[in-house]
Amino acid sequence: MSEPQLHVSDNPAEPVAELLAAQARLGGAIVLTGGSSVAHAYTRAATLEPNWRKVSLWWSDERCVRPGDPLSNYGLAARTLLDRLAGLPKVHRMRGELPPAEAADAYDRELEGVELDLLLLGLGSDAHIASLFAGSPQLLEREKRATSGPAGLEPFVDRVTMTLPTLLGARRIVFLVTGSDKADAVVRAFTAEIADDAPASLLRHGAAPIDVYLDAAAAAGVQ
């Protein structure tokens, strides 16, 4: 069992950027996520460390859209991180332009034997992680490393996602959570009882350290 460590600050994207930059210097496999909060962390991380040649980049989940679509998690990282780097990592993107099951199967194969050093996640207002929603078929998958399925929240676009066993296998887990709309989810995910209806809380079953970086609004329920 892992006890999440909560870190509250005015600018939680800054320490997350520092962690990403430090991992880029060390090398290894970094898993990125989507969402507006992480864009600031990605931009800052590129400034702190512009050489990511030692790193392989992965994604926890992706919407089934083309990489240039505004909804694409890869597209967000390309604009805010990759396009700003002097030394590019090896990129393993989920191919959202493919049929969902085909894209998931391809990523499942690609992940075989990979050890994930740093897993960065956001937190949904319903306490979901990646595209693992409460009651969704994706959350129930235990055999595959990646799977596909419907979204549990808007935008209702099919998703490809790492499965819970894959996320639990990461060596370190880092969350970046901001905004008052996430305050209830923070409580459910990190301080309340572990429950299937709060998928983020299930990560506490694992052994990996969990660090949660929040602003005061997101942390309002736990202060």
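The values are calculated or read from the model by the stated rules, or taken from the named source; none is laboratory data. In this text the structure is predicted, and so the values were computed from the model without any measurement. For neighbour counting, all protein chains shown are included, and Cβ atoms are generated from backbone atoms with ideal geometry for every residue, glycine included. Please note that ligands, DNA and RNA were not included when accessible areas were found on the heavy atoms of the full protein model with its side chains. Shrake-Rupley method; radii C 1.70, N 1.55, O 1.52, S 1.80 Å.
Computed from backbone phi with θ = phi - 60° and the Karplus coefficients 6.51, -1.76 and 1.60, the 3J(HN,Hα) list for segment 60-75 is 5, 6, 8, 7, 7, 9, 6, x, x, 5, x, 7, 6, 5, 4, x Hz; x is used for glycine and proline.
Annotation for Ala22 and Asp69: the two label points, set 7 Å from Cα along the Cα-Cβ direction, are 3.6 nm apart. Just checking the listed ones, Ala104, Ala86, Ala208: in the Gaussian network model of the chain with Cα springs under 10 Å, the one fluctuating most is Ala86.
Per residue, how much accessible area does the chain show when a 1.4 Å probe rolls over the protein heavy atoms, in square angstrom? Each step should come with its number before you reach the end.
Details: 9570 Å² over 223 residues.
That works out to 43 Å² for each residue.
Net charge near Gly28, counting Lys/Arg +1 and Asp/Glu -1 over other residues with Cβ under 14 Å of its Cβ?
Working: positive: Arg25, Arg53, Lys54, Lys90, Arg171, Arg172; negative: Glu49, Glu115, Asp117.
So the environment of Gly28 carries a net charge of +3.
Straight-line cross-link reach from Lys54 at under 17 Å between alpha-carbon atoms covers these aspartates and glutamates, not counting any fewer than eight positions away in the same chain: Glu18, Asp83, Glu115, Asp117.
Taking the chain as a Gaussian network, Cα atoms linked when under 10 Å apart, which of Phe190, Phe175, Phe156 shows the biggest mean-square fluctuation? In this elastic network of the chain, the residue with the biggest mean-square fluctuation among Phe190, Phe175, Phe156 is Phe156. Counting only protein heavy atoms and a probe of 1.4 Å, the accessible surface of the chain is 49% carbon and sulfur.
Taken about its Cα centre, segment 118-172 carries a charge dipole of about 340 debye when Lys and Arg each add +1 at the Cβ and Asp and Glu each add -1 at the Cβ.
Using a simple spin-label model with pseudo-atoms 7 Å out from Cα toward Cβ, Glu14 and His205 lie 3.8 nm apart.
Taking other residues whose beta carbon is less than 10 angstrom from the beta carbon of Gly135, and scoring Lys, Arg as +1 and Asp, Glu as -1, yields -2.
When DSSP assigns beta bridges and you keep just the ones with both residues in the chain, what percent turn out antiparallel, to the nearest 5?
25 percent
Hydrodynamic analysis of segment 76-223 uses the Kirkwood radius over alpha carbon pairs. Inserted into Stokes-Einstein at 10 °C and 1.306 mPa s, it gives a translational diffusion coefficient of 98 µm²/s. With every protein chain in place and a 1.4 angstrom probe, the accessible-area ranking of Arg159, Arg171, Arg63, largest first, reads Arg171, Arg63, Arg159.
Amide H contacts of Ala146 (H built 1.01 Å from N, in plane; Pro and chain starts excluded): Asp108, Thr163 sit under 5 Å, all sequence-distant by 5 or more or on other chains. About its Cα centre, the chain has a charge dipole of approximately 700 debye under the convention of +1 per Lys or Arg Cβ and -1 per Asp or Glu Cβ, with nothing else charged.
Note on segment 1-49: the C-alpha convex hull projects to 4.3 nm² when averaged across all orientations. Extension gain for Glu3-Ala216 works out to 74.7 nm (0.36 nm per residue, less the C-alpha to C-alpha distance).
On the beta carbon distance between Ser36 and Glu143, with R0 = 25 Å, the FRET formula returns roughly 0.15. Within the full protein context, the accessible area of Leu19 is estimated at about 40 Å² for a probe radius of 1.4 Å. Placing dummy labels 7 Å off each Cα toward the beta-carbon, the span from Lys54 to Lys90 is 1.5 nm. Potential lengthening of the chain between Ser125 and Glu110 amounts to 2.4 nm, from the contour at 0.36 nm per residue minus the alpha-carbon distance.
Across segment 113-125, computed HN-Hα scalar couplings (Karplus, 6.51 cos²θ - 1.76 cosθ + 1.60, θ = phi - 60°) run x, 7, 9, 8, 7, 9, 10, 9, 10, x, 9, x, 5 Hz from first to last residue, x flagging Gly and Pro.
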